[in-house]
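Just so you know, all these numbers are worked out from the coordinates, no wet-lab data involved. Fair warning: this is a prediction, and the values are worked out from it, not measured in the lab. Virtual Cβ from ideal backbone geometry, glycine too; neighbours counted across all protein chains shown.
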Amino acid sequence: MSRDHFLHGFLNPKSVAFFGANNKGGSLAAIQIMDLIKSGYSGNVYPIHPKLESVMGFKTYKTISDIPEIPDLVVVVLSARIVPQVFRECGEKGVDKIVLISGGFRELSGDRKNTLTEEICEIANEYGMRFIGPNCLGVFNNWYEKENYNNSFNIAIWELLRKGNFSIASQSGTLSSHIWFDPDTLDLGLSKSLSVGNEANIDIVDCLEYYKDDEETEVIGLYIEELKRGKKFLEIARELTPQKPIIAIYVGGSQGGNRALQSHTGSLAGDSKIYDAVFKETGVIRTDYAQEFLDIALILSNKILPKGNRIGILTNSGGPGAMIANNAEKHGLAVPEFSDSLQKELKEILPSTAGFNNPVDCTFDMNLPYFYITLPEILMKSGEVDAILQYGVVGFQDVIEDFLQNEKIAKWAEFQIQSEEKMDKIAEQLLQPTMKNSRDYSVPMLYINPMSFTSPWSKRLRKNGALLFKLWDRPVNALAKVCEYVSYKKKIADL
């Protein structure tokens with residue numbers, strides 16, 4: 001069980017002490033306390049400060065020995081040279097879990113080398129302490145209190161996020177935090193995030209071992225600069241991927257990237273081809289792009305996986321259909337020509353100007369029920385496609401309302417504007433049957449609306465469970481990698 005793993009305590013503390021917090025907004029430790037306040041954390045918070053009476057409304061203590069209990073977790077944001085003494089004080093208090101945010105350890109290069117990492121590791125071993133970091137950005141648990149949907153344990157992310165089944169382990173604090181700055185345009189929920197920094201004591205392999213048995217983690221994302229325990233990574237990744245897909249960004253391999261890593265964390269990155277081989281052997285999905293990382297996670301988190309790599313394309317415009325098909329085949333997806341019987345069935349309901357052999361091009365047709373419901377259902381029932389991409393799910397009322405802002409148009413136009421409540425109902429009626437069919441047939445639907453992601457109609461699509469993209473390149477690229485993963489799972493199952 002994941003609750004028996006030592007990382008469970010890092011993500012579920014009932015009390016947290018902070019070294020380095022003050023009331024200045026620019027203090028990282030203060031921001032972390034503000035994160036706790038914002039996320040509704042219900043545990044005890046103990047700022048440690050030699051002079052201040054309170055920090056962010058919490059009573060301060062001059063030393064950790066003054067705190068009336070042994071904190072479940074200690075967060076340290078202090079100058080590196082002070083950290084060994086702080087570790088010793090924590091050990092004497094009986095603390096066994098520390099998140100070390102501070103930098104200034106192994107990442108220093110040139111004539112600025114120091115032995116601080118060795119010192120803190122020795123102290124941690126002496127007192128039986130485990131610590132995350134140094135040079136990290138903290139941890140996040142969106143399921144800290146399952147019964148309180150809006151509560152979390154958060155000292156890493158500045159936004160309130162929806163609960164999800166996607167968990168991250170990252171050697172970059174920024175990647176685990178900054179990608180969540182705009183949650184209103186991201187339909188991916190987050191379960192947990194562990195920023196492990198320089199991995200002086202706890203590494204990505206530890207995180208994978210924890211996520212393996214964590215019931216709220218079904219998809220795992222990794223940001224990797226180096227693997228210290230390569231053999232163990234191979235072992236745990238090979239065990240994990242048939243049940244829980246892993247998406248990884250590896251940033252080493254290039255000369256510029258290696259130089260950046262050496263100055264940032266002191267990492268010595270390996271040959272990118274070696275990591276490619278490791279990922280391929282273990283079924284890890286590799287991407288070089290943060291946006292694709294999130295796109296793949298979104299598709300996988302939806303838990304509707306294609307059975308193969310055949311895609312059907314529905315569109316109301318020929319150009320996007322052609323570009324989707326072209327890009328799909330370049331990325332290893334199949335765009336099969338439909339059977340004669342399927343083409344005949346489509347031809348009977350499509351306009352005479354439509355194309356029906358895949359892509360299915362409806363041209364500009366306003367028959368929404370058959371575009372949103374009938375056509376996808378026919379393709380799913382046929383068994384001839386494993387996934388569907390649908391371009392042109394445009395909010396026409398959004399466009400019309402914009403036109404009506406013009407006085408001359410408004411004077412003459414006879415457009416019928418539906419109420420917000422009516423449009424909500426229309427979206428539900430158009431989307432829910434296909435969402436059910438998508439689950440029943442295990443055929444993922446990827447929708448594409450070139451309008452703003454936060455337009456009224458886009459929001460309605462997303463509210464009803466649609467996996468929505470603004471343009472067509474991203475869903476194709478992400479789906480191709482999901483299909484490669486599905487192929488790996490099949491190969492492993494057949495062994």
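Below is a table of values for the structure above.
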{"item": "Net charge of Cβ neighbours under 10 Å - reference residue 280; Lys, Arg +1; Asp, Glu -1", "result": "-2"}
{"item": "Taking the stretch 301-450 and dividing mean pair separation by its residue count, relative contact order in percent (alpha carbons under 8 Å, at least six apart)", "result": "34 percent"}
{"item": "Cα pair distances in the stretch 77-191, grouped into 10 Å bins until the bin that holds the longest one, percent each", "result": "13, 36, 28, 19, 4, 0"}
{"item": "Potential lengthening between residue 463 and residue 339 on full extension [0.36 nm per residue; Cα-Cα distance subtracted]", "result": "41.2 nm"}
{"item": "Residue 354/residue 421 FRET efficiency (R0 35 Å; Cβ-Cβ; nearest 0.05)", "result": "0.60"}
{"item": "Label zone at residue 303, where the point sits 7 Å out along the Cα-to-Cβ direction: the stretch 172-208 residues whose backbone N lies under 15 Å", "result": "189-191"}
{"item": "C-alpha long axis of helix 28-38 to longest principal axis of the chain, angle in °", "result": "60 degrees"}
{"item": "Radius 12 Å from Cβ of residue 341, net charge of other residues (Lys, Arg +1; Asp, Glu -1)", "result": "-1"}
{"item": "log₁₀ of I(q)/I(0) at q = 0.06, 0.12 Å⁻¹ - the chain, Debye sum with one point per alpha carbon", "result": "-0.34, -1.07"}
{"item": "Extension reserve of the residue 238-residue 317 stretch, reckoned as 0.36 nm per residue once the Cα distance is removed", "result": "24.2 nm"}
{"item": "0 to 90° range, to nearest 10: angle between helix 290-301 axis and the chain longest Cα axis", "result": "70 degrees"}
{"item": "FRET E, pair residue 364, residue 79, Förster distance 56 Å, beta-carbon r, rounded to 0.05", "result": "0.30"}
{"item": "Crossing angle, helix 318-330 versus the chain [Cα axis fit, 0-90 degrees, rounded to tens]", "result": "50 degrees"}
{"item": "Loop trypsin sites (Lys or Arg not before Pro), the stretch 163-241 (other Cβ atoms within 10 Å of the site Cβ: 13 or fewer; DSSP)", "result": "228"}
{"item": "FRET efficiency, 1/(1 + (r/R0)^6) with R0 30 Å, evaluated for residue 28 and residue 289 via beta carbons", "result": "0.60"}
{"item": "Average Cα contact separation per residue, the chain, under 8 Å, 6 or more apart, as relative contact order %", "result": "11 percent"}
